[in-house]
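Structure first, then comments.
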Amino acid sequence: MTTPQHIIDCLHTHYGIAARTLTVVPSGADMNASRYKAETHEGQSYFVKLKHGHRYDMSVAILALLQASGIEQIIPPLKAANGERALPINDFTLTVYPFVEGQNGFCCTLTDDQWTTLGTVSRQVHELDVPTAIKDRMRKETYSPKWREAVRSLDVHIDRHLTGDETTMKLQQFMKEHRAVIHRLVDRAESLSQEALKQSPEFVLCHSDIHGGNVLIDGNGAIYIIDWDEPIMAPKERDLMFIGGGVANTWNNPREEALFYKGYGKTAIDMVLLAYYRHERIVEDIAEYAQALLL
């Protein structure tokens, strides 16, 4: 077991950080990771992530690559005394980052310049030449039916007599009332996936979850793309689907979309792929929330 004091000791031993306090940060959807804010007596703050297991951390490798390429709108992990950016601690992997105070794109509206900057940085990410050694270990887009099958399998649970809290009961009722719409959504995602499989688009480095919640704006107006936990080699539309996509009812303003593409530059967008990714994202969200609450 890794205790808060053990983490504080590791920060001092391996990073030279004399942490005074370690506070849990309630953020992120990764249930295999714990997040903390470490503060020193001098008032410096660090973001500490403790992830279960010792698997190769692709996010660390990608952030190091982005940093080396000169992209500034990221928060790369700090190097430990041994030069590594991730350290095994008991059954966990420890990574440490500068703590950037700010709000995410769900909580505040991006300015015109911030939209343009986001577009410019997204283009830089998509045009990055990923070394073969890293690319070979990355996820590749397969248009997997995983989430579609998951939603279809939920039908039996929607009709069951469930006991649970108010949120669970509301979700069950919602899915009952909108069953036909959900079925059409899944079927359309399936049809689009079959069309996508017939194509041969260029695969580029994609963040894969670049919605407003993963864009951090600090007090000086600088933006950072955060949470690189699930990078993937995929068509650029994997990321572009969020621009104008309306996740959490944000980023659905045509003017903001135009500002993004002012920074991104001219590009041909495959509307089949864009539609596929937007449908598939909704299907995935339905599956994840329903599995968490109904099963």
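Rule-based calculations on the coordinates, nothing more; no lab input. Keep in mind that what you see is a predicted model, and the values were worked out from it rather than measured. Every residue, glycine as well, gets a Cβ built from its backbone with ideal geometry; the counts of neighbours run over all protein chains shown.
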Unsatisfied cross-links (Cα-Cα over 22 Å) in the set Lys37/Lys236; Lys236/Lys266; Lys37/Lys140; Lys51/Lys170; Lys51/Lys79 | Lys37/Lys236; Lys37/Lys140; Lys51/Lys170
Against the longest alpha carbon principal axis of the chain, how many degrees, from 0 to 90 and to the nearest 10, is the axis of helix 4-15 turned?
-> 70
With N residues in the stretch 26-94, Rg(alpha-carbon) / (2.2 N^0.38 Å) equals 1.18
For the stretch 217-295 and the stretch 84-162, write down the distance between their C-alpha centroids in whole Å.
-> 10
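Can you tell me the mean projection area, over all orientations, of the convex hull of the stretch 216-291's alpha carbons? Units nm², please.
So the Cα hull casts an average projection of 6.6 nm².
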With springs only between Cα atoms under 10 Å, which of Ala268, Ala248, Ala19 fluctuates most in a Gaussian network model of the chain?
-> Ala268
In degrees between 0 and 90, to the nearest 10, how far off the longest principal axis of the chain does helix 112-126 point, with axes built from Cα atoms?
-> 90
Go ahead and set up a Gaussian network model of the chain, Cα springs under 10 Å, then flag whichever of Arg20, Arg123, Arg160 fluctuates most.
-> Arg160
What are the principal axis extents of the Cα atoms in the stretch 151-233, in Å, biggest first?
-> 49, 43, 19
So, counting K/R as plus one and D/E as minus one, what does the shell of residues with Cβ under 9 Å around Ala61 add up to?
-> +1
Given springs between every Cα pair under 10 Å in a Gaussian network model of the chain, which of Tyr56, Tyr224, Tyr36 has the largest fluctuation?
-> Tyr56
The answer for the net charge of residues other than Gln114 whose Cβ lies under 14 angstrom from its Cβ, with Lys and Arg +1 and Asp and Glu -1, is -4
What is the Cα radius of gyration of the stretch 103-295 over 2.2 N^0.38 Å, N being its residue count?
-> 1.12
Tilt relative to the chain, helix 179-197 - C-alpha long axis, 0 to 90 degrees, to 10 | 70
